[in-house]
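Worksheet: one structure, shown below.
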Amino acid sequence: MKKLMSLAILLLAFSVQAQDELTSQLYETYEDYKESSIGERRIKHADIQPLIQKFKANPKFEVQKVGESIQGRDLHLISIGSGDSDIFLWSQMHGNEPTATQAIFDILNFLDAPEFKAEKQEILSNLKLHFLPMLNPDGAEVFTRRNALGIDINRDALRLQSPEGQTLKRLRDSLDADFGFNLHDQSTYYNAERTEKPATISYLATAYNYEKDINEVRANAMKVIVYMNKIIQNYAPGQVGRYSDDFEPRAFGDNIAKWGTSLILIESGGFPGDPEKQEIRKLNYVSILSALYTIANESFKSISTEDYEKIPRNDRKLFDLKIENVTYELLGDDYILDLGVFNNEVDLEGHNQFYYQSSVADQGDLSTYYAYKTFDAQGYKIVAPKMAKVEQIGDAMDLLKDGIAFVKTEKPEKSEFIHLPLIMVNKDFELKSFRMEPGINPTFFLEKDEKLTHAIINGFLIDLSKPLNQQNIGNGLITGQ
């Protein structure tokens, strides 16, 4: 008996080592399979149609139209594999959550390529994979969460008023998959609980009742998540969160778990210096393929569900910029404040690009909050911005060093932003008295020892001692208000 146990342990150790080596290779070779035609977040239905047609023409894949959106955009299911276990993956049921849609096409490219033959044979001989990319193409068209009816598809599992939700339910029922992957994006302001680390990836083994009971179906999802977490720790250490498992009776994930599928929710959050979420896309690719491999060879079964509870919970205590311990003068008295800033995205017409319109999210004691960029302003004082009339803007830094943030022009550009760290205003604009409060656009200066050292323009911190081209200056704004 002891010899048999020792052999089992050795085989398990070998399997784990082999899987670790595989995931390392997947990460290192990712660029070979990345679908370059969809490289930015604001992808649309038309962008993925040539890719779907490519796989439809490939005899390795089965591609079928399975439904339409409210506005008549086709929904397709792409399947591959000959195994007895069905795995169902769907993405972008919220139109402004495209990261996993991109990763799905990376995975499909990988499955079509000649490399990793043994590993793909393991996956495709044991599993049949079904991908439904971009469940909400109408929402994707205008980069918004909801569909054309104005409802959240992920709250339509019971009433089934949306054709997109009807399609998802019909596929769930026909496939009766062993595992389902519900692929989303979450706010970049989530962090791993009690840490400064962003929740770059968050996982959830969805609850199927209010009591949050754990049956075999849910336990299997937990085990696979533990494995995926282990993989992600190699590339984004400490940056994994556990999404809230509060039961939502209207949600598809909760009901699909209730209906007998081991449901794995993946939420793509934020990663420093990755506004287009391309590193997070890569992490989706690696973790999903790794999950499919451990499901195919059933090595996940030996994982303890206790490790699932060790994954930190999601928290929401991140800002884009946090300025700590800054001195703010009000009515002749000095106060010490922390400031938390959000760099809010505003879509441009056509919903293909965006600009930033930042806001002060909170101020006061923010010692329990974190940020992607933190500046300790102890000894620094907030200075109100000035305005000047300028016929022609030369070096923006010259204006900033004089404390000028607002530039008055005769005819501001017909736009709402500029690629300079300035606020352009029209000839009738009047600069109001400066007051620091939540909700305002953060545009002001920092002074130390009676010298201006930094500008905060539209929520971006600028060091006045460094060239602008060496800093992330975001964008300025054009306003007549």
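The values are calculated or read from the model by the stated rules, or taken from the named source; none is laboratory data. None of these values were measured; they are calculated from a predicted model. We place every Cβ from the backbone using ideal geometry, glycine too, and count neighbours over all the protein chains shown. For accessibility, only protein heavy atoms count, side chains too; no ligands or nucleic acids. Shrake-Rupley method; radii C 1.70, N 1.55, O 1.52, S 1.80 Å.
Rounded if a/c is under 1.5, else prolate if a/b beats b/c, else oblate: with a ≥ b ≥ c from the C-alpha gyration tensor eigenvalues square-rooted, which is the stretch 150-281?
It is prolate, given that a/c is not under 1.5 and a/b is the larger ratio.
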Problem - Sequence-distant lysines (8 or more away, or on other chains) whose Cα lies within less than 24 Å of LYS373 - result: LYS197, LYS277, LYS282, LYS317, LYS322, LYS381, LYS401, LYS448, LYS451, LYS466
Handout entry: the stretch 210-356, Cα convex hull volume normalised per residue, Å³
Key = 205
Problem - Cα shape, the stretch 64-210, gyration tensor, a/c 1.5 rule - result: oblate
Problem - Euclidean distance between Cα centres, the stretch 335-364 to the stretch 385-399, Å - result: 23
Exercise for the section: Excluding residues fewer than 8 places away in the same chain, name every one of the lysines whose C-alpha is closer than 21 Å to that of LYS65. Expected result: LYS44, LYS54, LYS56, LYS128, LYS169
Problem - Exposure of HIS45 as accessible area (Å², to 10), given a probe of 1.4 Å and all protein chains - result: 20
Exercise for the section: Compute the acute angle (0 to 90°) between the alpha-carbon long axis of helix 216-232 and the principal axis of greatest extent of the alpha-carbon atoms of the chain; round to the nearest 10°. Expected result: 50
Handout entry: Label-point separation, LEU452 to GLU62 (7 Å along Cα→Cβ), nm
Key = 6.7
Problem - Candidate aspartates and glutamates for bridging to LYS389, where Cα separation is under 20 Å - those fewer than 8 sequence places away on the same chain excluded - result: ASP398, ASP402, GLU410, GLU413, GLU416, ASP428, GLU430
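Pairs of alpha-carbon atoms within less than 8 angstrom and 6+ residues apart define the contacts here; what relative contact order does the chain have, in percent?
It comes to 12 percent, rounded to a whole number.
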Fill in the blank from the handout: Each label sits 7 Å from Cα toward the beta-carbon; between GLN25 and ARG313 the label points are separated, in nm, by 4.1
Completion exercise
Measuring from the longest principal axis of the C-alpha atoms of the chain, the long axis of helix 278-296 (C-alpha) lies at a number of degrees, nearest 10, equal to 20
Completion exercise
Note to self: C-alpha centroids of the stretch 80-124 and the stretch 404-477 sit apart, in Å, by 45
Fill in the blank from the handout: Sorted largest first, the Cα spans of the chain on the principal axes come out in Å as 79, 55, 44
Exercise for the section: Report the extension gain between ARG194 and LYS414 in nm, rounded to one decimal, defined as 0.36 nm multiplied by the number of residues separating them, less their alpha carbon distance. Expected result: 74.8 nm
Practice task
Find which of TYR380, PRO467, MET134 sits farthest along the positive direction of the dipole of the chain, computed with +1 on the beta-carbon of Lys and Arg, -1 on that of Asp and Glu, about the Cα centre.
Solution key: MET134
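For a quick check of your reading of the filter: which GluC sites (Glu not before Pro) in the stretch 292-337 sit in a DSSP loop and have no more than 12 other Cβ atoms within 10 Å?
Values: sites: GLU298, GLU306, GLU309, GLU324, GLU329; in loops: GLU298.
Those satisfying the criteria are GLU298.
What percent antiparallel are the DSSP beta bridges of the chain, to the nearest 5? Don't skip to the answer; put the middle values down first.
On the way: 47 of 86 bridges.
If I count the DSSP bridges inside the chain, around 55 percent turn out antiparallel.
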